[in-house]
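Below: the structure, in structure tokens.
None of the figures in this text is laboratory data; all of them are computed from the coordinates on show. Being a predicted model, the structure only gives us computed values, none of them experimental. Reconstructed Cβ throughout: ideal geometry from the backbone, glycine too, with neighbour counts over all protein chains shown.
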Amino acid sequence: MRRKDAIRQDVFGKLRAVALPDSRFDYDFDNFIPDFAMSPRALERLLNLKLYAGLKLIFTTPDNSLEGFRARALRDGIRQVISTYGIRRGMILLEPTSEVKHQEAVAATLDGMERLAQQGVVRYLALREVQRLGQFDLLVTGASAVCTNGVRVGKGHGYFDLEWAMLRMLGVIQEDTPVIAVVHDVQVVDEDLAPEPVDTIVDIMSHQHARSRSRDAIPGPSESTGTSSSQACWTRFRILLTSSSLWRRRWCARGNRQQAVTATSEWGCESVDSG
């Protein structure tokens, strides 16, 4: 059975033909998950799911392929939490206020939502604030590739797996909270890849097909380790704290040391070595 890096490279070769380039990374798929031709068709499949009508609060990853979904969710009055790129500045809450909905196309982009956060129109969240939001109804992510048994292959940095663990540890998602990956058909790999202990299993929504994972056939991240959910989530979260140290140093370098100390304390980053 192939390793994830081999799957990535195989898919990247096919993805180039349908992907839309990023303004910064062009076609460097190691650094971003692209939007793609016919992504509106995949979006329509997602909107037609029965669960969509009942959504109140969702989490989405900062992937280009989800811009259309984020804009539509705002229009439909759904609150969204989005992680910043590389989780370097924590997370952002998009409230479907009239001011935000008036500029939904801008708010749905990474640069746009961060600019609105800097203007005070939307806001950055500390972990305690994420927890106070309550239960999330759905998680939506992009992917570099997804195997037909639901094993997601990301860029290789582990950000989404860490985000899932963080939200689970906070108690705002459960083991059975739906997780949907929006991808192009070329990103769907007809292979049953054995999940690693930290892998998040997803349902697949592409522009041509919808595939549901067998929730009983593949263990979740905590089950596959043979440890309790809290233990598994804490292990994954420790890695998140390490990756957050770069965000802390950059924030402090901008002259906001006191705010950074306060915020990173809430994020649990005070024990991270800043060296």
Cα gyration tensor shape for the range 32-89, rounded if a/c is under 1.5, else prolate or oblate: oblate
Under 29 Å from the Cα of LYS14 - lysines, other chains or at least 8 residues apart: LYS4, LYS155
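If you stretched the chain out fully between HIS157 and LYS56, how much longer would it get, using 0.36 nm times the residue separation minus the C-alpha to C-alpha distance?
Numbers: separation 101, 0.36 × 101 = 36.36 nm, distance 2.92 nm.
Fully extending the segment from HIS157 to LYS56 adds 33.4 nm.
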Cross-link reach list, lysines versus LYS56, counting only Cα pairs under 25 Å and skipping chain neighbours closer than eight places: LYS101
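For ASP22, what charge total do you get from the other residues with a beta carbon under 10 Å from its beta carbon, if Lys and Arg give +1 and Asp and Glu give -1?
On the way: positive: ARG24; negative: ASP26, ASP28, ASP35.
Cβ neighbours under 10 Å give a net charge of -2.
What full-extension length gain, to one decimal in nm, is calculated for LYS101 and ARG132 as 0.36 nm per residue of separation minus the Cα-Cα distance?
Details: separation 31, 0.36 × 31 = 11.16 nm, distance 2.32 nm.
Fully extending the segment from LYS101 to ARG132 adds 8.8 nm.
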For the range 1-70 and the range 112-157, distance of Cα centres in Å: 13
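In what sequence, highest mean first, do 188-199, 156-167 appear when ranked by Cβ atoms within 10 angstrom? Write down the numbers at each step before the final one.
Numbers: 188-199: 16.4, 156-167: 20.8.
Per-residue mean Cβ counts within 10 Å order the peptides as 156-167, 188-199.
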Karplus-derived HN-Hα couplings along the range 85-96 (A = 6.51, B = -1.76, C = 1.60, θ = phi - 60°), whole Hz, x at Gly and Pro: 4, x, 6, 6, 10, x, 10, 10, 9, 9, 8, x
For the range 4-211: relative contact order, % (alpha-carbon pairs under 8 angstrom, 6 or more apart): 23
Virtual spin-label span in nm between TYR124 and ARG41, 7 Å along Cα→Cβ: 4.0
